[in-house]
Amino acid sequence: MTGAPIGFATLSGGTTGGAAGGTVTVSTYADLKRHAESSTPYVILIEGTISNGSSGGKIAIKSNKSLVGIGSTAFLSGVGLDLNGANNVIIQNLRATLVGTTTPSSVNGGDVISISGTSRNVWIDHCELFSEDPSTQTDKDLYDGLIDIKGETGFITISWSYLHDHHKGGLVGASDTDLYADRKVTFHHNHYDNVKLRVPMYRGSVGHFFNNYIVGATDATEIRAGTCVRVERNYYEPLHYSIYTPSDARGSTERIGNVEVDRASRAYPASCTADIPYAYSSVLISDANDVKDLVPEGAGVGKL
């Protein structure tokens, strides 16, 4: 593991992954599954491409694990990661997709990464998650989310990741009634390229979305169901709606210094003041105009 998280993953005891355990290197699906699903803490170094064939596979990660790709070639091909009641987990420097599976919706519910149940303290960093270009793969329900977060989860940071070529990027909260006070998530320095919707869709509790670069979206940051999210110094290339809320389940935002190159006219969500209790000024790109250059340079695998 390289570095340490910024954001909500630093709270509630912090996020150290498998640092208390031993380190193993895996290059097969069977070995990855055996170690990640063990009750023993591990730092699991992943080497090369891991697949379970056209049927795909799911790794049900248990608590106190770090899954870290080696170099720039660690690739989970058709393998979804499931955190259900898993605490203190780090996922870093991995490429992952469900492309190539016969029925993607039957693999991990169609999510590349799913966080649910009572999972807490999760850090996803320097990953690359993708499916297919939505202009050619037009079925928006063939896959589900790149990262979906729901249930009584919280204290999560998603950072420096490259998410691309997908319809529905990710949600926080599975429905407008799936609300939880501690489901607090930080998204920072992520590069969203050709992800059409849910960048992200956020329901429940307080959120922080800063220094993200969004290009090729249709409708991006959807804030719902009473949520207050600080949306700060992001760069939105031309799109339909950038930062918005639906009339049937309104959320609110604290909007600070974003660049929105061009957007359809629509009232922003009501204003709020988000409770962001951690320090992050040391990593904040203060001028959002710089985000479009700096974030793609640092986001994704092989850039730790």
Q: For ARG230, state whether it is basic (Lys, Arg), modelled with pLDDT of 95 or more, in contact with a strand residue (DSSP E or B) (Cβ under 9 Å, 6 or more places away or on another chain) and part of a strand (DSSP E or B).
A: yes
(Q) Against the definition (in contact with a helix residue (DSSP H, G or I) (Cβ under 9 Å, 6 or more places away or on another chain), within 27 Å of TYR278 (Cα to Cα) and among the aliphatic types (A, V, I, L, M)), how does VAL172 come out, yes or no? (A) no
Q: Could you tell me whether ILE147 is buried (at least 21 other Cβ atoms within 10 Å of the Cβ), closer than 30 Å to LEU294 by Cα and in contact with a Ser or Thr (Cβ under 6 Å, 6 or more places away or on another chain)?
A: no
Q | Qualifying positions in the range 96-113 - at negative phi and surrounded by fewer than 21 Cβ atoms within 10 Å (Cβ to Cβ) | A | VAL99, THR102, THR103, SER105, SER106
Q) What single numbered condition from (1) in a loop (DSSP other than H, G, I, E, B); (2) loosely packed, with under 15 Cβ neighbours inside 10 Å fails to hold for GLU297? A) (1)
Q) If you scan the range 123-132, which residues turn out to be assigned to a strand (DSSP E or B) and either of a type outside the set (Val, Ile, Thr) or more than 10 Å from the chain's Cα centre (by Cα) (or both)? A) TRP123, ASP125, GLU128, LEU129, PHE130
Q. Which of the following residues is aromatic (Phe, Trp, Tyr) and within 27 Å of GLU152 (Cα to Cα): TYR213, TYR192, TYR235?
A. TYR192
Q. Considering the range 2-44 alone, what residues qualify as being at positive phi and buried (at least 18 other Cβ atoms within 10 Å of the Cβ)?
A. GLY7, GLY17
Q) What residue, of THR136, THR157, THR97, is without any contact (Cβ under 8 Å) to a residue 40 or more places away in the chain and in contact with a strand residue (DSSP E or B) (Cβ under 9 Å, 6 or more places away or on another chain)? A) THR97
Q) Of these, PRO5, PRO41, which one is in contact (Cβ under 8 Å) with a residue 12 or more places away in the chain and closer than 30 Å to ASN211 by Cα? A) PRO5
Q. Restricting attention to the range 14-57, which residues are part of a helix (DSSP H, G or I), aliphatic (A, V, I, L, M) and either in contact with a strand residue (DSSP E or B) (Cβ under 7 Å, 6 or more places away or on another chain) or modelled with pLDDT under 95 (or both)?
A. LEU32, ALA36
Q) How do the pairs read when you match residues in the range 260-272 that are over 22 Å from PHE210 (Cβ atoms) with residues anywhere that are at pLDDT 95 or above and in a loop (DSSP other than H, G, I, E, B), using Cβ under 8 Å and keeping only pairs 6 or more apart or on different chains? A) ALA264/HIS240
**Q.** Subset of the range 163-184 (residues that are buried (at least 22 other Cβ atoms within 10 Å of the Cβ) and touching a Gly at 6+ places or on another chain (Cβ under 9 Å))
**A.** LEU163, HIS166, LYS168, GLY169, GLY170, LEU171, VAL172, GLY173, ARG183, LYS184
Q.
Regarding the range 237-256, can at least one residue be identified that is within 15 Å of PHE187 (Cα to Cα) and of a type in the set (S, T, N, Q)?
A. yes
Q: Kindly indicate whether SER242 is modelled with pLDDT of 95 or more and out of contact with any helix residue (DSSP H, G or I) (no Cβ under 9 Å at 6 or more places or on another chain).
A: yes
Q | When residues of the range 248-294 are limited to those that are among the polar types (S, T, N, Q) and assigned to a loop (DSSP other than H, G, I, E, B), the one surrounded by the most Cβ atoms within 10 Å (Cβ to Cβ) | A | ASN258
Q. Which is hydroxyl-bearing (Ser, Thr, Tyr), part of a loop (DSSP other than H, G, I, E, B), at pLDDT 95 or above and farther than 12 Å from ARG183 by Cα, of SER135, SER105, SER114?
A. SER135
Q) Quick one: would you say SER72 is more than 18 Å from the chain's Cα centre (by Cα), farther than 17 Å from CYS127 by Cβ and modelled with pLDDT of 95 or more? A) no
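The values are calculated or read from the model by the stated rules, or taken from the named source; none is laboratory data. This structure is a prediction, so every number in the text was calculated from the model and none was measured. Here the Cβ is made from the backbone with ideal geometry for all residues, glycine too, and neighbour counts use every protein chain on show.
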